[in-house]
Amino acid sequence: MHEFRRAPLFGTLVLAALLAACGTTSLGPAPPPSSPPPVVIGSATFSAADFAWSQRPGGNIIAGKVAYRQGATRFTCAGSAVVLTPETAWSVRRMQALYGSVERAALPSDEVRARTPRAPPGDAGPFVRRTTCDEADQFAFGGLPDGAWYAITVVKPVGVTGPNVALMKRIVVRGGRMAPLVM
């Protein structure tokens with residue numbers, strides 16, 4: 001009877017040891033984690049020092065594509081600026097004030113502009129990366145250090161008149177990888 005009980009226990013211990021060993025193999029960097037919600041630490045006061053991490057060189061790439069629709073209406077970002085803002089306590093609060101979310105948003109651009117006076121003041125301009133959306137509604141940012149970023153662009157409806165829409169989406173990059181971003 002004791003032999004029967006020891007065998008499953010021994011097998012369980014061997015399996016646990018094997019699984020633990022698999023976790024330490026060097027098969028390259030771990031895949032990026034799912035995007036956890038931002039942790040707000042500190043005040044909404046702008047501090048250039050909080051952005052220092054974003055100035056380090058890195059091996060991450062964000063490959064973005066705009067595929068936004070409202071019903072049957074397709075929107076394009078072709079020729080529009082795309083900005084990438086590093087996540088800090090200040091930028092988290094600013095995204096919440098401007099977009100009503102710290103994860104993603106699609107709002108009329110006039111509404112976002114109207115909210116600007118309520119957003120925490122500060123000039124993140126020197127830390128924001130910029131590119132232009134191409135004719136295929138694609139964009140990319142390279143050389144990024146590990147961390148969380150906010151991608152923002154303004155899109156316009158195709159083939160119909162209507163308001164422009166500001167799109168914002170948070171993305172986390174890690175491990176020198178390419179991260180796809182669909183907005």
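Each Lys or Arg adds one and each Asp or Glu subtracts one; over the other residues with Cβ under 13 Å from the Cβ of residue 127, this totals +1.
Compared with the direct C-alpha span, the chain from residue 78 to residue 135 gains 20.0 nm at full extension, assuming 0.36 nm per residue. Cα gyration tensor of region 46-183, axes a ≥ b ≥ c as square roots of the eigenvalues: rounded (a/c below 1.5), prolate (a/b > b/c) or oblate? Oblate, because a/c is 1.5 or more while a/b does not exceed b/c. Peptides 119-127, 90-98, 103-111, ordered by how many other C-beta atoms sit within 10 Å of their residues on average, highest first, read 90-98, 103-111, 119-127. A simple spin-label model places pseudo-atoms 7 Å from Cα toward Cβ; at residue 48 and residue 118 they are separated by 3.1 nm.
Every number here is computed from the coordinates shown, using simple stated rules; none is lab data. For clarity, every value in this text was computed on a predicted model and none was experimentally measured. Ideal geometry is used to build each Cβ from the backbone, glycine not excepted, and the neighbour counts take in all protein chains shown.
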